[in-house]
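Right, one structure below, let's go through it.
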């Protein structure tokens, strides 16, 4: 069983002036959007006036080709419907042009997306990283044309018409799933289902943490909501239950999730594989649950649900919105065929006629553009900006926290959810540095989240303990073998395996300074001695010499160790030197950092002329060939571990001083 996992949040730096976000240029901390009044974070009971809708399994009849479901429409309602259809057709046209994508979700979720961006959310398209903006996460990332259409209509410079027409093409700002580092306005990278809702939990947790630390009775600086749209696929993934369980436990009242209840998955109707009562499950997880029965045209229902959700302060809210996937398509709505492929030219034309949309592809009528632009014209809040600066200075003045409970949370045994929640925290603001901890072997449970960390440039610090057969009696289920190699193969991640106190400090320094790539620290269970020659500075180079009795950069043999095996290399070197050998011992803490050094530095540590090399690591030898070369030897473990005292396992697997000495003599 994995140990309980915890996370520490760093001092939050509210200003963006010192740290750019995801490759963007540094921007002023001054915001051009008014800070709203704060509604409070403390747990309160829901108003008695709020009617709580109980769970239900009743399924409404769905009209596949319905375009209008109201008998009378005001001018305002007509404009809303026109705006909603603009969103639908931007998605339809982009997918059609690319001949690739998922039009069904945007067509069904356009009403809730429009109301969120046009009427509810606070943001500034001219400053996408305004600190107190509301966050929006599309957990069902395959429906990303919904988000791109909304960003385009809201006036984000990152998503112009040419970006929509280049959807899913090389170099575009509109990739096939949302990527925060590609598209300003996208908060987190989603795609693997369930990751987004867990990220949203992290974003909401970060908001609650910052509000608790920095808000004052007369200065409420942090006050924003996190909104997320998730689908049936997200609900099926285990990570969503892990994360939503924690959200309910933590009482994240500013997290509002819209569940796109369209009863269709990639396999067909959800009746074939997903029949649970989601309402009841979420109530059991501690969420407030609301059901919007008409998500297709029930605009007032959606508005009322959001109002009710925001009135509930002590728990997150799930708004189940029953929609029709592919709404408006006469022949494909309410079927899995509209989930993941273009409608086709004939069906696009039929949908245009059905929804009364006479415009050319990608055209946005002027009366649709104007409401968005007027709604989000920023105001200048001098007082709020001054308060923000004041809070930033106060934050910098306080090096240590007043209350540890504000910086640590318990995840229980929920590795996958933990990793994704930490991604959300890391991406909330650059002053938050989350770390999380568990056994190294259980990165298998959270690997998808860790991969997303690397992809979306979230600088999470993964503290992974019990990193080898040194774990001993717990046996092979708990002993990582292939894990070091697997993370070394992953792009944009730092794999660090320190050997002692100096190197552990160096590893943390590296991890904290690398804000655009996650770090994995593999730490031992067993106690390790402080070794002569190790240093913090050496760790920053990835690999460095800790001892050497050779001259002229020409040792007889180079022994290369990591983590707990560096001690074995050092002891073997001592014995070989007694026999007159010139031996260099290299600590190879991080392959990635070493690869980034200059050729001159790498030559000074591992001279090409010295082919007599031996590596020692209590894990797979896979990959070590590029370090030791064809004439060197890699000592490691290419099988699963065993249950026995650690010393016995090391001996049986040949990871000993004697084995290193024999290998050194063999190669030299």
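Taken together, the values in this text are just the output of simple stated rules run on the coordinates, not laboratory data. Computed from a prediction, not measured in an experiment: that's the story for all the values here. FYI the Cβ positions are ideal-geometry reconstructions off the backbone, even for glycines, and counts take in every protein chain you see.
Put a dot 7 Å past the Cα of residue 277, heading toward its Cβ, do the same for residue 82, and the two dots end up 4.4 nm apart.
Peptides 99-108, 170-179 ranked from most to least packed by the mean count of surrounding Cβ atoms within 10 Å: 99-108, 170-179. Across the alpha-carbon atoms of the stretch 609-668, the computed radius of gyration and Dmax are 12.2, 41 angstrom. The stretch between residue 170 and residue 304, if pulled fully straight at 0.36 nm per residue, gains 44.1 nm over its current Cα-Cα span. Overall, the ratio between the Cα radius of gyration of the stretch 256-312 and 2.2 N^0.38 Å, rounded to two decimals, is 1.27. If you restrict to DSSP beta bridges whose two residues both lie in the stretch 543-667, what percentage is antiparallel, to the nearest 5? Among the beta bridges of the stretch 543-667, antiparallel pairing accounts for roughly 30 percent. Remark: the residue 651-residue 638 segment gains 3.2 nm on full extension, using 0.36 nm per residue and subtracting the alpha carbon distance.
The tail of the calculated P(r) for the stretch 543-667 beyond 25 Å holds 19 percent of all Cα-Cα pairs. Peptides 194-203, 84-93, 633-642 ranked from most to least packed give 194-203, 84-93, 633-642, packing being the mean of other C-beta atoms within 10 angstrom over each peptide's residues.
Counting only DSSP beta bridges whose two residues both lie in the stretch 550-615, roughly 0 percent are antiparallel. Taking a point 7 Å from the Cα of residue 157 along the Cα-to-Cβ direction, the residues of the stretch 115-135 with backbone N closer than 16 Å to it are 124-130.
Rounded to 0.05, the FRET efficiency of the residue 119 and residue 473 pair, given R0 = 56 Å and the Cβ-Cβ distance, is 0.40.
Relative to one another, the C-alpha centroids of the stretch 508-581 and the stretch 337-360 are positioned 63 Å apart. Annotation: extensible slack from residue 665 through residue 216 equals 154.8 nm (criterion: 0.36 nm per residue apart, minus Cα-Cα distance). Dimensions of the stretch 555-594 from C-alpha coordinates, computed as largest minus smallest value along each principal axis and given longest first, are 34, 20, 6 Å.
Sorting the segments 586-597, 509-520 by their mean number of nearby beta carbons within 10 angstrom, highest to lowest, gives 586-597, 509-520. Once the C-beta distance of residue 75 and residue 349 is scaled by a Förster radius of 22 Å, the resulting FRET efficiency is 0.20 to the nearest 0.05. Residues of the stretch 150-175 with amide nitrogen under 11 Å from the 7 Å Cα-to-Cβ point of residue 360? Backbone N within reach: none found.
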